[in-house]
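Novice: Starting off with a structure, shown below.
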Amino acid sequence: MIEGSKTRLRPMTPEEIPLFHRWVNDPGVRPYWYGRYMTMEALLEDWKPYYFDGTKPEKGRCFIVEADGFPIGMIAYHMRDRVARRVEIDVLIGGERYRDRGYGTDAIRAFLGYLFNELHAHRVELGTYIHNLRAICAYEKAGFVREGVLREADWVEGRFVDCVVMSILEDEFQAQECLI
């Protein structure tokens, strides 16, 4: 269990995959999400089983974000490079009434503590669409730094879109934690 001030993170179970599928297909989420998972099969083809069953935590794991005792989203990590201790994360707040209220930022900060302190990550990175201002704001509040833009890197809803690459380093996170 990973505790934030507003959220609690716990491993996602295989029985919760349909909830994740529903969230990524929500019209308020879909324009901001990298995957195109109109079917459950497409989601399961892209997301490895160990994200949900915990059999390979050294490679990645998916967690449910809870608030007020209810699942409101998910956060996951994927170990990009074990030697360099480089981790990539994905985050989504699926519960509409929990968006724009600090739950995402809280979950990210709590998750960063887990990644840096328990998994001993050195670098945590992510990418998001340049039009996903809500997410960019949450990532910056959590201490992420913009590194650059991948121009027209993805095709979303009939057009090419730019992607913002962001990261936070272990020492940056530790310095930030000292201030809180």
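Novice: Starting at the first residue of region 129-142, write each ³J(HN,Hα) from the Karplus equation 6.51 cos²θ - 1.76 cosθ + 1.60 with θ = phi - 60°, in whole Hz, x for Gly and Pro.
Specialist: Listing the rounded values in order: 5, 5, 8, 8, 4, 4, 5, 4, 4, 4, 5, 5, 4, 7 Hz.
Novice: Using each residue's phi in region 24-31, evaluate 6.51 cos²θ - 1.76 cosθ + 1.60 at θ = phi - 60° and report the 3J(HN,Hα) Karplus result to the nearest Hz, with x for Gly and Pro.
Specialist: 5, 9, 5, x, x, 10, 3, x
Novice: Per DSSP H run of n ≥ 4, the term is -39500 (n - 2.57); total these for the chain, divide by its residue number, and report the mean residue ellipticity at 222 nm rounded to 500 deg cm²/dmol.
Specialist: Calculated at 222 nm, the ellipticity per residue is -8000 deg cm²/dmol.
Novice: Which residues' amide hydrogens lie under 5 Å from the amide hydrogen of Arg61, considering only partners 5 or more residues apart or on another chain, with H built in the peptide plane?
Specialist: Amide H neighbours of Arg61: Tyr77.
Novice: Find how many whole Å separate the alpha carbon centroid of region 11-89 from the alpha carbon centroid of region 90-149.
Specialist: Computed from Cα coordinates, the inter-centre distance equals 14 Å.
Novice: Tell me, in nm to one decimal, what length is gained between Ala84 and Met1 on full extension, where the rule is 0.36 nm per residue of separation less the Cα-Cα distance?
Specialist: Taking Ala84 through Met1 to full extension adds about 27.3 nm, to one decimal.
Novice: Same structure again: Here are some values of semi-axes √(5λ) of the Cα gyration tensor in Å: (i) 29, 19, 14; (ii) 43, 24, 15; (iii) 22, 20, 17. Which one was computed from this structure?
Specialist: Derived directly from the coordinates: (iii).
Any read-out appearing in this document is the output of simple, stated calculations on the displayed coordinates, not a laboratory observation. This structure is a prediction, so every number in the text was calculated from the model and none was measured.
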